[in-house]
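Undergrad: Input: one structure, supplied below.
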Amino acid sequence: MNLRDLHYLVSLAEHRHFGRAAEACFVSQPTLSTQIKKLEDELGVALVERTPRKVLLTDVGRDIANRAREVLNEIEQIKGVARRTVDPESGTVRLGIFPTLGPYLLPHVVPMMRDRFPRLELLLVEEKTETVLHRLREGKLDACIVALPLHDDSLHSEFLFEEPFLLAVPQSHPLAKRQQLKLNDLSDQNLLLLEDGHCLRDQALEVCHMAGAGEKTGFRATSLETLRQMVAANVGITLLPTLAVKPPIAQVPNLQLVEFSGHAPSRKIAMVWRKSSAMSSFLKLLADVFKKLPHDLLDPHSAVNITPAKRRRTV
């Protein structure tokens, strides 16, 4: 048994197809199939149930594949320890982030990272929260940026910042004339929300619950940009995170932003990684970069007071 064979088995478990698994491992299908058969012979058990259309792992095959994944992850951890012993700030970090934050946060943070860690290779993966957390637990990511709360004792959470929400309304909407809002001003409103699977949807639903507001039926957006355009088209109103309305994001015509008074509804953002990670010390240094965002980036008042003309010039 060798690490290559374990890698083949893990790939087969993920793709459940010999051809696709072989392609992912950069080998021919006969090579991968032969090595899996040799592994079965060596272990004395059937790992794979071969059917005409797909591949199914046996119960023991799934168990061994899961353990193989853990072994391969530990090997990567060992390599990471060695690399960082030679040069603590070099190597590769695989970072996951969710799509209602990534496009708005990363343009501000990535240049800061390059200045702080010029030899670091940062590999970014943008997926919904459940997906990046799944990849993190499997060792396919080193860390990810998510919204709190997070209930997982195997993961360390490093709080980064709190991002307030703004209410986005068409300019003809009665609430557009308000300087500031209270949550109960939304009690008779129905908000446009994202589709299931987005953590921002859950956060907006929580705000709706606190305010006594509801969800506008018949429409669920796939992105923040869609929400923004639907508000501008007089379809409804929605909540937008502060970073999503700051330059270099262009303003949408007929969209008015209104801030909340007092402690605005918000989302808390954290970097998380496995408590067992050999990279923990370095990941804390990386998290410190996120904590040094300019204060005005998270200030909703400055977003409300940027005129359309000024915003267009900053793009």
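Undergrad: Would you mind telling me the share, in percent, of accessible area of segment 1-121 contributed by carbon and sulfur at probe 1.4 angstrom?
TA: 55 percent
Undergrad: Which percentage, to the nearest 5, of the DSSP beta bridges contained in the chain is antiparallel? Please report the intermediate quantities before stating the final value.
TA: On the way: 24 of 41 bridges.
Looking only at bridges with both residues in the chain, the antiparallel portion is about 60 percent.
Undergrad: Express the accessible area of segment 32-117 per residue in Å², computed with a 1.4 Å probe while the remaining protein chains stay in the model.
TA: For segment 32-117, the per-residue accessible area is 54 Å².
Undergrad: So, counting K/R as plus one and D/E as minus one, what does the shell of residues with Cβ under 13 Å around Thr31 add up to?
TA: With Lys, Arg at +1 and Asp, Glu at -1, the neighbours total +1.
Undergrad: Please work out how much length the chain gains when fully extended from Leu123 to Glu89, using 0.36 nm per residue of separation minus the C-alpha to C-alpha distance, in nm with one decimal.
TA: Length gained between Leu123 and Glu89: 10.8 nm.
Undergrad: With every protein chain present, what is the per residue accessible area of segment 122-279 (1.4 Å probe, Å²)? Mind dumping the intermediate values first?
TA: Values: 6970 Å² over 158 residues.
In whole numbers, segment 122-279 has 44 Å² accessible per residue.
Undergrad: Could you give the semi-axes, largest first, of the ellipsoid that matches segment 189-250, computed as the square roots of 5 times the alpha carbon gyration tensor eigenvalues and rounded to whole Å?
TA: Each semi-axis is the square root of five times an eigenvalue, giving 18, 13, 11 Å.
Undergrad: Can you pull out the GluC sites (Glu not before Pro) in segment 1-92 that DSSP calls coil and that have at most 15 other Cβ atoms within 10 Å?
TA: Of the GluC sites (Glu not before Pro), the ones in loops of segment 1-92 whose Cβ has at most 15 other Cβ atoms within 10 Å are Glu89.
Undergrad: Among the aspartates and glutamates, select those whose C-alpha is under 15 Å from the C-alpha of Lys275, and discard any that sit fewer than 8 residues away in the same chain.
TA: Of all the aspartates and glutamates, those that pass the test against Lys275 - Cα under 15 Å, at least 8 places apart if same chain - are Glu70, Glu74, Glu138, Asp142, Asp152, Asp153, Glu158.
Undergrad: Relative to the compact-globule scaling 2.2 N^0.38 Å, provide the ratio for the alpha-carbon radius of gyration of the chain.
TA: 1.21
Undergrad: Please list, in order along segment 260-276, the HN-Hα scalar couplings obtained from phi with the Karplus expression 6.51 cos²θ - 1.76 cosθ + 1.60 (θ = phi - 60°), rounded to whole Hz, x for Gly and Pro.
TA: 9, 7, x, 7, 5, x, 7, 10, 9, 10, 9, 9, 10, 8, 5, 4, 7
Undergrad: Normalise the Cα radius of gyration of segment 144-238 by 2.2 N^0.38 Å (N = residues in it) and let me know the number.
TA: Values: Rg = 14.9 Å, N = 95, 2.2 N^0.38 = 12.4 Å.
Normalised Rg, Cα atoms only: 1.20.
Undergrad: Moving on. Using θ = phi - 60° and the Karplus curve 6.51 cos²θ - 1.76 cosθ + 1.60, what whole-Hz ³J(HN,Hα) does each residue of segment 109-123 get, with Gly and Pro shown as x?
TA: 8, 4, x, 5, 5, 5, 5, 6, 10, x, 9, 7, 9, 9, 9
Undergrad: Here's something else I'd like to know. Enumerate the amide H contacts of Leu155 below 5 Å, restricted to partners 5 or more residues apart or on another chain; note that Pro and chain-start residues carry no placed amide H.
TA: Amide H to amide H, under 5 Å and 5 or more residues apart or across chains, Leu155 pairs with Lys275.
Undergrad: Which value in nm describes the separation of the simple spin-label points at Gln171 and Lys268, placed 7 Å from the Cα toward the beta carbon?
TA: About 3.9 nm, to one decimal.
Undergrad: Share of Cα-Cα pairs in segment 26-91 beyond 14 Å, in percent?
TA: 71 percent
The values are calculated or read from the model by the stated rules, or taken from the named source; none is laboratory data. Just so it is clear, the structure is predicted and the values come from calculations on it, not from any experiment. A quick note on method: Cβ atoms are made from the backbone with ideal geometry, for glycine too, and the neighbour counts reach across all protein chains shown. Keep in mind that these areas ignore ligands, DNA and RNA; they rest on the heavy atoms of the full protein, side chains included. Shrake-Rupley method; radii C 1.70, N 1.55, O 1.52, S 1.80 Å.
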